[in-house]
1. Residue A:144 fails exactly one of the following numbered conditions: (1) open to solvent by 60 Å² or more (accessible area, probe 1.4 Å); (2) within 22 Å of the chain's Cα centre (by Cα); (3) more than 14 Å from chain B (Cβ to nearest Cβ). What is the number of that condition?
2. Considering only the range A:148-170, I want to know if a residue exists there that is within 12 Å of another protein chain (Cβ to nearest Cβ), out of contact with any helix residue (DSSP H, G or I) (no Cβ under 7 Å at 6 or more places or on another chain) and open to solvent by 50 Å² or more (accessible area, probe 1.4 Å).
3. Taking the stated definitions as given, is residue B:208 of a type outside the set (A, V, I, L, M) and open to solvent by less than 50 Å² (accessible area, probe 1.4 Å)?
4. From the residues in the range A:32-65 that are under 18 Å from residue A:255 (Cα atoms) and part of a loop (DSSP other than H, G, I, E, B), which one is nearest to ligand 2 (Cβ to nearest atom)?
5. Is there a residue being at pLDDT 90 or above and in contact with a His (Cβ under 8 Å, 6 or more places away or on another chain) anywhere in the range A:76-94?
6. Among the residues of the range A:146-164, write down those that are within 16 Å of ligand 2 (Cβ to nearest atom) and not in a loop (DSSP other than H, G, I, E, B).
7. Name the residue that is nearest to residue A:33 (Cα to Cα), counting only residues in the range A:131-141 that are within 12 Å of chain B (Cβ to nearest Cβ) and polar (S, T, N, Q).
8. Considering only the range B:131-163, state which residues are closer than 16 Å to residue B:102 by Cβ and modelled with pLDDT under 90.
Amino acid sequence: MTMSEPVVVLRGVTKRFASGLEALGGVDLAVARGEFLSLLGPSGCGKSTLLRIVAGLAEPTTGICDLRLAGAPSKSIAAGRIGFVFQDPTLMPWSTVARNVELPFRIAGRVRAAERDRVAASLSAVGLAGFEQAYPHQLSGGMRMRVSIARALVTEPDLLLLDEPFAALDEITRLALNDDLLLLWEAHRPTILFVTHSVFESVYLSTRIAVMRPRPGRIVADLPVRLPQPRDRGVRTSAAYAAMCETVSTALAAAMAQAPAP
Amino acid sequence: MKLGIGRRGLRLAAPIAIGIVFLAAWEATVRLRGIPPYILPAPTAIAQSLWTDGPSLLGSLWVTLRITLAALAAAALFGGGIALLFARSRLLELSLFPYAVVLQVTPIVAIAPLVIIWVREPFLALLVCAWIVAFFPIVSNTTVGLNSADRNLLALFRLYGASPGQILLYLRMPTALPYFLAGLRISGGLALIGAVVAEFVAGTGGAETGLAFRILEAGYRLAIPRMFAALLLLSLTGIVIYLLLDWLSRQLLRHWHESAIAPEDE
Ligand SMILES: Nc1ncnc2c1ncn2[C@@H]1O[C@H](COP(=O)(O)OP(=O)(O)O)[C@@H](O)[C@H]1O
Ligand SMILES: [Mg+2]
């Protein structure tokens, strides 16, 4: 893929917390429009911190984070142009599924018929049509995560940030959600930044993988994934998939070897 | 469970059985030992007093109950309101919360005479005393609740450009609701205690006499069965207030809060 106009540009981004801990030590990264980029690294290497900086939820200590989202004012947080999915579903337990997904619209101060249609469409896109009036506690962990994804998608964001969204799920649910996420990405082609610590997941999903090392967090390898598109489960058994997993694992091992012992 | 009557039945039957055994033992002890009623009246004597003095006691109960309910309503309103102010301004919380604690830890019996001197209107004076006792659990619980919003949800609200008012309304207030209701349940009992204590201090307090004064009066006249009857009415009132608040709490939280969601296997 040729580097079309980037949506996210990070230049020399560092983050030092008040505790003195250096979470990020100079990150340069450009994410092209429509790319599915995975940030891969062991826990504690600053992946979440990086994602929060991209979302505008945290400020870098030094360096710049530049977002170029369609139709959004450059500096301020582009409300609704970014979707965020956390490791936990992060739903409001007192609200129904529909009210949870509707949240971005409610904050924007407009929930009319058109927005309700978008909520319904978003829920059916994640396979939850008919669950509008259910409460989160009535759903399984996988279904709650789908609600969380539906909420992130409902504003049709240009940029989707996912922070280990499937890490807490069982293997079967996780594989199903991997495929669903690919379908959603292919349908709308948002730019995706996906944080994971699973080599297999990152290779299966992404068009590109940035491998990080810890203390301080840095990107040490930037690997394009040249597997056929659209992907399906057949890919997982292909020789090319196995070879790519091998390459990424080696890069990850090298990254870990550079880092001071935990 | 294979107990035949089931858990619900057991919940009712067990305390009732204990109560009956206790009352029977009490009655037997009083009769067999010939204890005079001005030391310890038998349950049957109390029941009889309840029957004959019932109407006038109920009138007094209504006086105490009015003070209690008004104090509880004021505690809910102002307690919740003060907690909301604290949530809007950290400075306000830091500067005022210690004084709320001072008000809470100072025994109400010690403050009540002052309040009664300062507030001339007897109903209002008793109301203020009961309110002082009742409002703290609501303020302190609700303040904790308003500050307990999920971090990631807060981040999400910020991401979508929510105003502080929207964060309060859509996120912090719903988060605080179970805390507020837990405070309210504690305050229900405390408001009753506050009303009774204030009445003890105030004495007769105008034309209407509450249940606390009836207890004092019965004590002076050695009408101990009536004293017990009045006590019984007070306890029952406390229990009913608690049960009502508990029911309210369950109704409001039944869709989502762990404390109120019906267990699946019943
Ligand atoms: N608010 C914070 N204050 C201090 N240290 C933090 C804070 N958030 C994260 N850290 C530290 O920064 C490092 C990177 O954290 P994080 O970005 O969460 O890593 P990852 O998501 O890769 O597991 C960790 O060592 C973590 O303990
Ligand atoms: Mg993380």
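The values are calculated or read from the model by the stated rules, or taken from the named source; none is laboratory data. These numbers come from a predicted model, not from an experiment. Ideal geometry is used to build each Cβ from the backbone, glycine not excepted, and the neighbour counts take in all protein chains shown. Side chains are part of the model used for accessible areas, which takes the heavy atoms of the whole protein and leaves out ligands, DNA and RNA. Shrake-Rupley method; radii C 1.70, N 1.55, O 1.52, S 1.80 Å.
1. (3)
2. Checked against the condition, which is being within 12 Å of another protein chain (Cβ to nearest Cβ), out of contact with any helix residue (DSSP H, G or I) (no Cβ under 7 Å at 6 or more places or on another chain) and open to solvent by 50 Å² or more (accessible area, probe 1.4 Å), the range A:148-170 yields no hits at all.
3. no
4. Checking each candidate, the answer is A:43.
5. Within the range A:76-94 (the criterion being at pLDDT 90 or above and in contact with a His (Cβ under 8 Å, 6 or more places away or on another chain)), the answer is yes, since at least one residue qualifies.
6. Answer for the range A:146-164, where residues must be within 16 Å of ligand 2 (Cβ to nearest atom) and not in a loop (DSSP other than H, G, I, E, B): A:148, A:161, A:162, A:163.
7. A:133
8. Hits for the range B:131-163: nothing passes.
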